[in-house]
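Comments concern the structure below.
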Amino acid sequence: MPTKTELEKNDRELLEIIAKSSSVVEKGRENFDAGDAGTALRIAEGLEDVSKFSLYELLVYDLDGDGEISKKDADNILRLSVGLAPAYATGGLADFTGPAWLDGTKSRPELVLNQKDTQNFI
Ligand SMILES: [Ca+2]
């Protein structure tokens, strides 16, 4: 049976792997082009065989991290490909550091939560 120290070491290694994976996925999102937006849209519409994509590619396209590639992901990939910030008019999680497009107005404001309040909310 592994000792507590060995388990803690494994936890640390797992956290390092997850953190490294996150940064690799973020790196993959830095150079989107219109072709990526088209591919993501075809995946969202069920027109692509997702088994031909690697897990890495699917993680890169799932911008909001909800486990599926939606039209919203495709729209935001298109926005990123032309240098615009991703938009959240229909809500979503922002799991990146960088600009985001807000759609609030005086009569219809949007609420932006800090990380701790977001964790408490979900
Ligand atoms: Ca998604």
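Just report the Cα centroid separation between the stretch 84-120 and the stretch 1-30, whole Å. So the separation of the two Cα centres works out to 27 Å. Convex hull of alpha carbon positions in the stretch 60-99: directionally averaged projected area 2.7 nm².
Quick check on my link table: of 20/106; 52/116; 20/71; 20/116; 72/106; 27/106, which ones sit more than 29 Å apart, alpha carbon to alpha carbon?
20/106; 52/116; 27/106
Amide H contacts under 5 Å for residue 87: 101, restricted to partners 5 or more places along the chain or on a different chain, H placed in the peptide plane at 1.01 Å from N. With the charge dipole of the chain set up from +1 on Lys and Arg Cβ and -1 on Asp and Glu Cβ about the Cα centre, the Cα lying farthest toward the positive end among the listed residues 102, 44, 61 is that of 102.
Multiplying the residue separation of residue 12 and residue 68 by 0.36 nm and subtracting their alpha-carbon distance yields 17.4 nm.
Considering only alpha-carbon pairs that sit under 8 angstrom and 6 or more positions apart, the relative contact order computed for the stretch 4-121 is 20 percent. To the nearest ten degrees, helix 71-81 and the longest principal axis of the Cα atoms of the chain are 90 degrees apart. Computed over the chain, the P(r) tail beyond 25 angstrom holds 36 percent of alpha carbon pairs.
When the P(r) is computed for the stretch 1-57, the part past 13 Å accounts for 72% of the Cα-Cα pairs.
Using Cβ point charges alone (K and R +1, D and E -1), the dipole size of the chain about the Cα centre works out to roughly 320 debye.
Computed per residue of the chain from DSSP H runs no shorter than four, each worth -39500 (n - 2.57), the mean residue ellipticity at 222 nm is -15500 deg cm²/dmol.
Here, each number is a calculation from the coordinates, and none is a lab measurement. Just so you know, these numbers come straight off a predicted model, no measurement behind them. Every residue, glycine as well, gets a Cβ built from its backbone with ideal geometry; the counts of neighbours run over all protein chains shown.
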